[in-house]
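Just dropping this structure here.
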Amino acid sequence: MNRAFSPARQTLLTSVALLLLRLVAGLAFVLHGWGKIQHPFDWMGPESSMPAVFQLLAAVAEFGGGIAWMLGLLTPLASLGLLCTMVVAFWFHAFERGDPFVPAGPGPSYELAAVYLAVSVLFLLGGPGLFSADRMVFGPRD
């Protein structure tokens, strides 16, 4: 279990870049998840066909996952939750609604979901870097 949360060895410069990305993307997810965590079972509104349990999982993934990314704590687990949430968001906007990648004017798009999906893959596979709670708690990967 320790190995699953032990971050891979990274260079100092790479770890600084990962820290910056974790802080910015983590804060964005905390802010996106804040309103959702206030009403975790029905944040999508009464007209939504999304089951309440999935709305709860998305709210926890965004709010809790954002905090976890900022701390670099349980990064693979947080990244997996956020990855699943962003796959659903990407699918919904790109395929169900047919939104553009980048809109010509104001309106919805799937650009942000795609970017956050890519960041989630990065942290899931690459880890949080040297400056993380994961490294302090679980040590570096051998």
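To the nearest 10 degrees, how steeply does helix 111-126 sit against the main Cα axis of the chain, on a 0 to 90 scale?
Compared with the principal axis, the helix lies near 30 degrees.
Go ahead and set up a Gaussian network model of the chain, Cα springs under 10 Å, then flag whichever of P46, P103, P76 fluctuates most.
Answer for the Gaussian network model of the chain: P46.
Relative contact order for the chain: what is it in percent, counting Cα pairs under 8 Å that are at least 6 residues apart?
Relative contact order here is 37 percent.
Roll a 1.4 Å probe over the protein chains and send me the accessible area per residue for the chain in Å².
With all protein chains present, the chain gives 58 Å² per residue.
Follow-up question, since we're still on this one. For region 60-127, which chymotrypsin sites (Phe, Trp or Tyr not before Pro) pass both filters: DSSP loop (anything but H, G, I, E, B) and at most 11 other C-beta atoms within 10 Å?
Values: sites: F63, W69, F90, W91, F92, F95, F101, Y110, Y116, F123; in loops: F101, Y110.
The qualifying sites are F101.
Leaving ligands, DNA and RNA out of it, rank R97, R135 by accessible area with a 1.4 Å probe, largest first.
The ranking, largest first, comes out as R97, R135.
Let me cross-check H93: its accessible surface, 1.4 Å probe, with only protein heavy atoms counted, in Å² to the nearest 10?
Accessible surface of H93 is approximately 40 Å².
Moving to a separate point now. Angle between the Cα long axis of helix 75-91 and the longest principal axis of the chain, 0 to 90 degrees, nearest 10?
20 degrees
Sticking with this one: Please identify the GluC sites (Glu not before Pro) of region 44-142 that satisfy two criteria: DSSP loop assignment and at most 14 other Cβ atoms within 10 Å. Which are they?
E47
Using a probe of 1.4 angstrom, how much of the accessible area of the chain is carbon and sulfur, in percent? Please list the in-between numbers first.
Values: 6000 of 8210 Å².
Exposed carbon and sulfur together represent 73 percent of the surface.
Top to bottom by accessible area (1.4 Å), largest first, where do T14, T85, T75 land?
T14, T85, T75
Shifting gears a bit: With each label point set 7 Å from Cα along the Cα-Cβ vector, what nm distance links A52 and A17?
So the two model labels end up 4.5 nm from each other.
The values are calculated or read from the model by the stated rules, or taken from the named source; none is laboratory data. It should be emphasised that the depicted structure is a prediction, and the values quoted were computed from it without experimental measurement. Using ideal geometry, Cβ is built from the backbone for each residue, glycine included, and neighbour counts are taken over all protein chains shown. When the accessible area is computed, the model is the full protein with side chains, heavy atoms only, and any ligands, DNA or RNA have been set aside. Shrake-Rupley method; radii C 1.70, N 1.55, O 1.52, S 1.80 Å.
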